[in-house]
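Here's the structure we're looking at; comments come further down.
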Amino acid sequence: MGKLPRPVPWLAAGESFPPLEEAWGHHDPAPGLLAAGAALDVPTLVQAYSQGIFPWFSLGQPPLWWSPDPRMVLQTRHFRLHRSLRKTLTRFQAQTGCELRFDSTFERVINACASKPREGQPGTWIVPDMVQAYSSLHRAGHAHSVETWVDGELAGGLYCVNLGRMVFGESMFAHQTDASKIALAALVAFCRAHEMTMIDCQQNTRHLASLGASEISRAEFVTHLARSVGKTAPLWEFKPVYWNQLLTTGMTDLP
């Protein structure tokens with residue numbers, strides 16, 4: 001019989017998280033699982049993200065808290081601007097009726113992310129409690145939506161968490177082709193303009209890897225967090241000039 005994993009701590013509301021090193025490892029049933037319980041309130045979410053921890057659970061489960069090792073991140077300087085996306089961004093920037101907005105309709109964005117079918121998944125992890133929690137985090141100024149608008153309609157977007165000079169990507173959706181990629185490109189451009197060098201992606205996916213995301217060790221991720229979260233957060237307002245961070249960098253486009 002194999003060795004049983006150590007029990008996952010159950011946290012009361014307001015209780016501190018255990019050290020990250022106590023998260024389940026690769027030989028345990030759920031690598032990265034650190035704790036269960038606690039409250040999905042703004043102080044707890046801020047505490048969690050600032051330490052490299054995030055909630056992720058399904059309907060009917062208690063809040064589960066994770067800190068995987070390695071960690072999937074997008075170094076903003078490594079964002080892969082494929083030729084097709086460059087053309088899409090150039091058209092979007094020039095076309096009347098196309099607009100990139102921040103935070104004009106956060107709850108529509110998170111609810112669209114929650115209702116989007118996921119390949120290989122029977123449901124969503126963005127359960128009603130998560131929608132409520134991140135909407136509260138948005139009202140507190142720590143969660144933001146990046147929105148792609150076409151002819152007055154919300155075509156796609158994403159939402160993320162921001163603490164200091166660190167951005168944590170959460171989820172994307174698209175009602176029109178490439179609308180979520182446009183939102184991600186805008187987020188990268190905004191981050192570059194404000195010297196935010198890393199976007200946390202949490203989990204490794206083929207789609208994120210195709211856009212330049214890669215894994216780093218949890219220790220490296222936490223070191224970056226410590227340098228970033230205490231800095232002053234930027235003003236979340238998208239200016240068209242930010243597109244120049246992608247479109248005039250002189251990078252060689254990828255096929």
Report the label-to-label distance for Asn244 and Ala209 in nanometres (one decimal), using points 7 Å from each Cα along the Cα→Cβ vector.
3.6 nm
Gyration tensor verdict on segment 108-235 (Cα atoms; rounded if a/c is under 1.5, prolate if a/b is larger than b/c, oblate otherwise):
rounded
Segment 51-159: C-alpha gyration tensor shape, a/c 1.5 cut-off, then a/b vs b/c
prolate
If the cut-off is a Cα-Cα distance under 19 Å, which aspartates and glutamates reach Lys231, setting aside same-chain residues fewer than 8 apart in sequence?
Glu195, Asp200, Glu220
Given the peptides 169-180, 59-70, 229-240, arrange them by the average over their residues of other C-beta atoms within 10 Å, most packed first.
169-180, 59-70, 229-240
Extreme residue, positive dipole direction of the chain, given options Trp56, Trp10, Pro70 (C-beta unit charges):
Pro70
Considering the chain, what Rg and Dmax in Å follow from its alpha-carbon atoms?
18.3, 65
For Cα pairs less than 8 Å apart in space and 6+ apart in sequence, what is the mean separation divided by the residue count of the chain, i.e. the relative contact order in percent?
23 percent
What value, in deg cm²/dmol to 500, does the helix sum -39500 (n - 2.57) over DSSP H runs of n ≥ 4 give at 222 nm once divided by the residues of the chain?
-9000 deg cm²/dmol
The pairs in Lys87/Lys239; Lys116/Lys239; Lys116/Lys181 lying past 21 Å Cα-Cα in this model are Lys116/Lys239
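If I stretch the segment between Ser104 and Glu21 completely, what's the gain in nm (0.36 nm per residue apart, minus their alpha carbon distance), one decimal?
Additional length available on full extension: 26.0 nm.
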When a/c reaches 1.5 or more, the comparison of a/b and b/c decides; with that in mind, is segment 17-59 rounded, prolate or oblate per its Cα gyration tensor?
oblate
Counting residues in segment 1-87 as N, plug N into 2.2 N^0.38 Å and put the Cα Rg over that result.
1.38
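Since every read-out is calculated from the coordinates, none of them should be taken as a lab result. Everything quoted here is computed from the prediction, not taken from an experiment. Every residue, glycine as well, gets a Cβ built from its backbone with ideal geometry; the counts of neighbours run over all protein chains shown.
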